[in-house]
Amino acid sequence: MMNDRERNRAYRRAIEATVRPGDLVLDIGTGAGVTALMAARAGGHVVTCESNPHTAFLADRVIRANGYGGRITLIPASSTELVVGRDLPGPPDVVTAEIFDCGLIGESALRALDHAHRELISATTRLVPRGGRLWAQLVESESLHGLNQVGEVEGFDLSPFNAASTRGYFPGRVDRHPHTVLAPAFRLLDFDFGEPPAPRTRHLTVPVTADGTAHALVMWFELDLGGGIRVSNHSAGSGHWEQAVQTFPAPVAVRAGTAVRLTARHDLDALSLGLEAVRP
Ligand SMILES: C[S@@+](CC[C@H](N)C(=O)[O-])C[C@H]1O[C@@H](n2cnc3c(N)ncnc32)[C@H](O)[C@@H]1O
């Protein structure tokens, strides 16, 4: 992640365009300190927080080794434990956050944003990123399906073991698995981080353009860092994030010219997806 030049460059450009000298910046999720250091170098007074104590310990070393100990206050705690007046002198002018997994919301980014909206930020706080979009594509791929489901092996039926399959999405390099695209990519969910997040259910009808078996939904995000700066984990990119793969326990046979109905539900921590064929 730290060596992901595409990600680093996008965040650096967005932070430099957003942070003004003297701004109070809250950086959620210090990691090794990269975004906090960028915000401090842009002139901000930075409060950064890190929920993993080992990571926080090392980040503190990185920050001091780079000479920013005086401009960055590191709090070894989750952002959801921060209190304005105690940990921050007031609502921050800017919030920076890179707490996104391959499917955008699986690292509890929405829970952190929900808390920030309720307890930490004001109506004028500028957010990096401003929002995100999740794209999806329906594919036939026994190879992707086989990452999470098992059947006959050497003449034995292992399918009862599927009770232990991952229910949600998981990371995968889609281009390494043979697959056939069954429908054009579509927008699954849009997130405006300027609004408090809320659980949602969305029903979509997806037109199918090829005959086959829908084994999986492949997803990728686009983060809007402001000023037209975006970062994505689309398979065509070179970043460190893999795509998000959601396999369907019961693959659905589909025909070109028909449609499937997809239900996408999310709360503040997880996304769940269901698929069914639409009768012609
Ligand atoms: C993907 S890393 C990014 C680190 C750094 N900001 C960067 O861009 O290189 C996210 C880090 O945030 C931490 N984290 C995630 N959610 C958090 C939260 N709500 N509060 C504090 N730390 C969090 C994780 O432990 C992890 O170290």
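Every number here is computed from the coordinates shown, using simple stated rules; none is lab data. Computed from a predicted structure; not experimentally measured. As a convention, Cβ positions derive from the backbone with ideal geometry for all residues, glycine included, and neighbour counts pool all protein chains shown.
Name the residue that is surrounded by the most Cβ atoms within 10 Å (Cβ to Cβ), counting only residues in the range 51-61 that are under 23 Å from the mean Cα position of the chain (by Cα) and under 14 Å from Met2 (Cβ atoms).
Filtering the range 51-61 for residues under 23 Å from the mean Cα position of the chain (by Cα) gives 51-56, 59.
Filter again for under 14 Å from Met2 (Cβ atoms), leaving 55, 59.
Numbers: Thr55: 16, Ala59: 23.
Step by step, filter the range 51-61, then rank; the result is Ala59.
Please determine whether any residue of the range 48-55 is touching a Ser or Thr at 6+ places or on another chain (Cβ under 9 Å) and either within 19 Å of Pro21 (Cα to Cα) or part of a helix (DSSP H, G or I) (or both).
Yes, the range 48-55 contains a residue that is touching a Ser or Thr at 6+ places or on another chain (Cβ under 9 Å) and either within 19 Å of Pro21 (Cα to Cα) or part of a helix (DSSP H, G or I) (or both).
I'd like the full set of residues that are in contact (Cβ under 8 Å) with a residue 60 or more places away in the chain and either closer than 19 Å to Gly106 by Cα or charged (D, E, K, R) (or both), limited to the range 205-222.
Ala216, Leu217, Val218, Met219, Trp220, Phe221, Glu222
Give the number of residues within the range 109-162 that are crowded, with 18+ Cβ neighbours inside 10 Å, within 16 Å of the ligand (Cβ to nearest atom) and closer than 24 Å to Gln246 by Cβ.
7
Can you tell me which residue within the range 86-97, out of those that are of a type in the set (D, E, K, R) and in contact (Cβ under 8 Å) with a residue 40 or more places away in the chain, is surrounded by the fewest Cβ atoms within 10 Å (Cβ to Cβ)?
First pass over the range 86-97, keeping only residues of a type in the set (D, E, K, R): 86-87, 93.
Right, trim to in contact (Cβ under 8 Å) with a residue 40 or more places away in the chain and you get 87, 93.
Values: Asp87: 16, Asp93: 20.
Applying the filter and picking the extreme gives Asp87.
Residue-by-condition table, conditions (1) away from the ligand (no atom under 14 Å from the Cβ); (2) surrounded by fewer than 24 Cβ atoms within 10 Å (Cβ to Cβ):
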site	(1), (2)
Asn3	no, yes
Arg13	no, yes
Asp27	no, no
Ala36	no, no
His45	yes, yes
Ile63	no, no
Arg71	yes, yes
Ser79	no, no
Val84	yes, yes
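What do you reckon, is Gly228 surrounded by fewer than 22 Cβ atoms within 10 Å (Cβ to Cβ) and either closer than 20 Å to Thr166 by Cβ or without any contact (Cβ under 8 Å) to a residue 12 or more places away in the chain (or both)? Before the answer, list the steps.
Values: surrounded by fewer than 22 Cβ atoms within 10 Å (Cβ to Cβ): yes; either closer than 20 Å to Thr166 by Cβ or without any contact (Cβ under 8 Å) to a residue 12 or more places away in the chain (or both): yes.
When the stated conditions are applied, Gly228 passes them.
Within the bounds of the range 196-204, is there any residue that is part of a strand (DSSP E or B) and either surrounded by 15 or more Cβ atoms within 10 Å (Cβ to Cβ) or free of Cβ contacts under 8 Å to residues at least 60 places away in the same chain (or both)?
Here is the first cut: in the range 196-204, the residues part of a strand (DSSP E or B) are 200-204.
Applying the additional criterion that residues be either surrounded by 15 or more Cβ atoms within 10 Å (Cβ to Cβ) or free of Cβ contacts under 8 Å to residues at least 60 places away in the same chain (or both) yields 204.
Scanning the range 196-204 turns up at least one residue that is part of a strand (DSSP E or B) and either surrounded by 15 or more Cβ atoms within 10 Å (Cβ to Cβ) or free of Cβ contacts under 8 Å to residues at least 60 places away in the same chain (or both).
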